[in-house]
Structures are given as C-alpha cells and as structure tokens.
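Enquirer: Dropping a structure here in structure tokens format, bear with me for questions.
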Amino acid sequence: MEFEEVKKGLAGVIVDDTAIASTDSSGTLIYRGYVAEELAERSTFEEVAHLVVYGHLPNKKERLKFSNLLSRNSRVAPNIDKIMGLLPRNAPAIDVLRSIVSMMPLNENEDDGKLLEIAAKMPRIMSDWHRLSKGSLPLRSTDGTYAERFYYLLTGSKNKSDARLLEELLILYMEHEFNASTFTLRVAASTLTDPQAAMTAALAAIKGPLHGGANAEILDYLLQMKSTSEARRYVDAKLRKKEKIMGFGHRIYKNKDPRAQYLKERLRVFAAAKGAEKLYDIATAIEDEMWKMKNIPANMDFYAAICLYLMGIDSSFNTPIFAASRSFGWTAHYLEQVSNNKLIRPSSRYIGPVGMHL
Ligand code: CMC
C-alpha cells in the first residue's frame, strides 16, 4: 500500500465528498445550496432542519409531518429523570446530555427516525437536568415550534421575539460540513455502529474547548470587563502571553465567520432593546483589537454566547444548545456516510522505538 502524508490536524485536506454543506475562506456558508444567513433570516428551524437532513425544503405536508415528529419525540421517558437523579448535581450539562443520549430507549425504527428522535429530545434532557440539579420540578410544555419549545424549556418564559432570535442562532449552529464533532460522528458511522452510538461520539467531541466548549467560556472573561479600554488591555495581555481567547479563530474562516457577523448585527439591535449597549461596545472592542493585533476574527461562538446571555439563558446551556442544533447536521451526515460507506481508517507514521525485547 502506498502512503500519502497529510497536514497535521487534516488542515486543508479534503477527506470525502458531501452534498450537505460547504464553507469557504471567503466567508460563505451554504446548506444544500442555500446561504445559511438567508435561511436564518427567513426560515423556521424545522424547515432548515428538514432541508439539511433530507436535501430539500419541505412542502406543507412534509413540514407538518416533520414538526409532528419533533414535537411527538420531544418528551423523555419518566425513568430518564430517575436516572438523572442519580448523577452528581455538579455534572456539566453536556456530560449529562451525552450520558443520557447513549442509553435512552428509542421508539422510532428507521435510522433517520432514530437520529431525529434523539435530536428532538435534547432540549428536554437539558432542561430537566438543569431544573433537577437546582431542585426544581421539570417543565412539561411541548407546545409551539421547536424554537419556542426550546426557549421555554431553557428559560420558563414564552417571549416570542427572544425565541425567534434563538431560532436564528440555532439555524446558524446547525451544520458546518466536516467540523470535529461531525467528522467524529462520520468515523463512528463508518464502522456501521448504530445512530445512537454515533451521536454519542459526536457529543463527546463537541464538548472540547477548541470546538463547542468555547461558547461556555466566553462570558467568564467578557462579563469581568468594565470598559472598552479594559477590553483592549485584556486582549493585548493574552496575546503577549500567547494564550488563546475563546470565541476567536477558526480553521476555515481566516477573515470572517459569516455566522458571527450575522449575530453581531442582531446583537446590536437586541442589546439596545435590553439596555446592554455597553456590553455590545466591549464585545466589538475585543473583536477590533483581536483583528488589529493578530488578524484573528471573532467566530460564531463569541456573539452566540452574548446573545444567549441577554436572552436570560444560563451559560451552562451554551454547549448543549450548540449540540442540540448540530444534532440535525449530524443526522444528515450519518445518513450520508452509511449511504455510501467506506471504513474511515487512516494510517500513522510510527516514531516510537523498534527492536525492543523482553
Ligand atoms: N486566541 C489567540 N490566538 C489564537 C486564537 C485565539 N482564539 N486562535 C488562533 N490563534 C493563533 C494561534 O495561537 C496561532 O498563532 P501562532 O501562529 O502565532 O502560533 C495562530 O493563531 C493559528 O492558530 P491555530 O490554533 O493553529 O489555528 P487552527 O486553525 O488550528 O485553530 C481554532 C482553529 C478554532 C482551534 C483556534 O482558532 C482556537 O483555538 N480558537 C479558540 C477556541 C474557539 O473559539 N473555538 C470555537 C471555534 S468556532 C465554533 C466551532 O465550530 O466549534
């Protein structure tokens, strides 16, 4: 067998074809041919999820069927809450989500049904865990659209305009071709493991701070800052120490992340409505300083974390929110991988010792 060397981290390496989404360094992100920001602005979560999973926007009948499937599967079995009750109260929500997804019983039979059933249950698992760990009773509503239900489960409130911003954010988080968690899922799927196991693998990968875990760390530094000059000093000091600032940088987007720019504009208006202009100014000062000092753009997580904060959503939800939305992208990738499968099994260059004997 001939071996070919590729770049570390597979940077810039095309490993397979996909018809689901495409990104490029000029800052264009498309889902099945449609520009992601346009979908975020004009479509519902259900429509975009159907597009991503099945390759086309749903007609009325398909939309209803898809929405019903998500709504029907949004509840979790009562014994799941009992299992959650046995977990340590301080367990991170993303760990709980991964653990529950790995073992919960499923009703749907086909692969797509199973994957969507798991995806549909994620908001409820997160909500039940959050409330249980705080000693409150679970919320029980399954009314409304996916985003309205999700927003209610996260906040206990039914504010439709906040739910709409959440919907846009969820649409932008939904799919991103061969990112780390999706690639992990595809590796798992390529072994022909089952959908539930593949989703569990993806949930393990999304937790890391270089990927989905970044959005949980942004408020930790941002909310400490009192002024734009303090924000600039923070960036300079971090860069001098060669430390990373969460919410900045991207493997693909070296100039701008289109999702971040979309949310930035939405945040400008949203922050003004909430009387949080100063927070917006501090955020943009950090972004400007990062660009000035190192030409590193803000990524989606940066502005998503601030939007979620102003929506009153607890930051422990940030990474699970990303995962819940991305689970629809993972669904599409599982189906695409198994429909034209080849085991993903690369080789390595051995650099360890040789000729050792006992
Ligand atoms: N803060 C400070 N410096 C950075 C950052 C950052 N956030 N990101 C990259 N750099 C620097 C890095 O230190 C390196 O500098 P130098 O060339 O002087 O050694 C240079 O930029 C190239 O960085 P890299 O880490 O080699 O680039 P990459 O393409 O391998 O990494 C990344 C991409 C996302 C892992 C990285 O930018 C990072 O660690 N960012 C912070 C974590 C983060 O926000 N992750 C969320 C990504 S977007 C949502 C998602 O899809 O998960």
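The values are calculated or read from the model by the stated rules, or taken from the named source; none is laboratory data. These figures come from a predicted structure and were not determined experimentally. As a convention, Cβ positions derive from the backbone with ideal geometry for all residues, glycine included, and neighbour counts pool all protein chains shown. All accessible areas refer to the heavy atoms of the entire protein, side chains included, with ligands and DNA or RNA removed. Shrake-Rupley method; radii C 1.70, N 1.55, O 1.52, S 1.80 Å.
Enquirer: Those residues that are within 8 Å of the ligand (Cβ to nearest atom) and either outside any helix (DSSP H, G or I) or farther than 21 Å from Y309 by Cβ (or both), I need them from segment 211-238; list them, please.
Expert: H211 - this is the single residue of segment 211-238 that is within 8 Å of the ligand (Cβ to nearest atom) and either outside any helix (DSSP H, G or I) or farther than 21 Å from Y309 by Cβ (or both).
Enquirer: Evaluate segment 149-156: report whether one residue or more is within 16 Å of the ligand (Cβ to nearest atom), out of contact with any helix residue (DSSP H, G or I) (no Cβ under 6 Å at 6 or more places or on another chain) and in a helix (DSSP H, G or I). Show your work before the answer.
Expert: In the first step, residues of segment 149-156 are kept if they are within 16 Å of the ligand (Cβ to nearest atom); the result is none.
No; the residues of segment 149-156 include none that is within 16 Å of the ligand (Cβ to nearest atom), out of contact with any helix residue (DSSP H, G or I) (no Cβ under 6 Å at 6 or more places or on another chain) and in a helix (DSSP H, G or I).
Enquirer: Suppose we filter L166, L132, L137 for residues that are away from the ligand (no atom under 16 Å from the Cβ), touching a helix residue (DSSP H, G or I) at 6+ places or on another chain (Cβ under 6 Å) and at pLDDT below 95; which single one remains?
Expert: Numbers: L166 fails: at pLDDT below 95; L137 fails: touching a helix residue (DSSP H, G or I) at 6+ places or on another chain (Cβ under 6 Å).
Only one candidate passes the filter, namely L132.
Enquirer: Follow-up. Step by step: first the residues of segment 287-311, then only those that are open to solvent by 20 Å² or more (accessible area, probe 1.4 Å) and hydrophobic (A, V, I, L, M, F, W, C), then the one that is farthest from the ligand (Cβ to nearest atom). Which residue is that?
Expert: Applying the filter and picking the extreme gives L310.
Enquirer: Please go through (1) surrounded by 19 or more Cβ atoms within 10 Å (Cβ to Cβ); (2) within 16 Å of the ligand (Cβ to nearest atom) for K241 and return the number of the only condition it doesn't satisfy.
Expert: For K241, the failing item is (1).
Enquirer: Something else: So in segment 29-75, with the set limited to residues that are surrounded by 14 or more Cβ atoms within 10 Å (Cβ to Cβ) and among the β-branched types (V, I, T), which one is farthest from S127 (Cα to Cα)?
Expert: This residue is I30.
Enquirer: Tell me whether segment 264-280 contains one or more residues that are within 14 Å of the ligand (Cβ to nearest atom) and open to solvent by less than 30 Å² (accessible area, probe 1.4 Å). Write out each step before concluding.
Expert: Taking segment 264-280 and keeping what is within 14 Å of the ligand (Cβ to nearest atom), we get none.
Among the residues of segment 264-280, not one is within 14 Å of the ligand (Cβ to nearest atom) and open to solvent by less than 30 Å² (accessible area, probe 1.4 Å), which makes the answer no.
Enquirer: I'd like the full set of residues that are within 16 Å of the ligand (Cβ to nearest atom) and open to solvent by 20 Å² or more (accessible area, probe 1.4 Å), limited to segment 180-192. Reasoning before the result, please.
Expert: From segment 180-192, those within 16 Å of the ligand (Cβ to nearest atom) are 180-186; that's our starting set.
Matches in segment 180-192: A180, F183, T184.
Enquirer: If you don't mind, there's one more thing I want to ask. Against the condition open to solvent by less than 10 Å² (accessible area, probe 1.4 Å), at pLDDT 95 or above and polar (S, T, N, Q), how does S339 come out, does it pass? Please lay out each step first, then the result.
Expert: Working: open to solvent by less than 10 Å² (accessible area, probe 1.4 Å): no; at pLDDT 95 or above: yes; polar (S, T, N, Q): yes.
Here the answer is no, as S339 does not meet what is asked.
Condition check ((1) hydrophobic (A, V, I, L, M, F, W, C); (2) surrounded by 20 or more Cβ atoms within 10 Å (Cβ to Cβ); (3) assigned to a helix (DSSP H, G or I)) across all residues:
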position: I83; (1), (2), (3): yes, no, yes
position: V101; (1), (2), (3): yes, yes, yes
position: D112; (1), (2), (3): no, no, yes
position: I125; (1), (2), (3): yes, yes, yes
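Enquirer: Which numbered condition trips up K254, out of (1) under 27 Å from Y31 (Cα atoms); (2) in a helix (DSSP H, G or I); (3) within 14 Å of the ligand (Cβ to nearest atom); (4) charged (D, E, K, R)?
Expert: Going through the list (1) under 27 Å from Y31 (Cα atoms); (2) in a helix (DSSP H, G or I); (3) within 14 Å of the ligand (Cβ to nearest atom); (4) charged (D, E, K, R), K254 breaks only (2).
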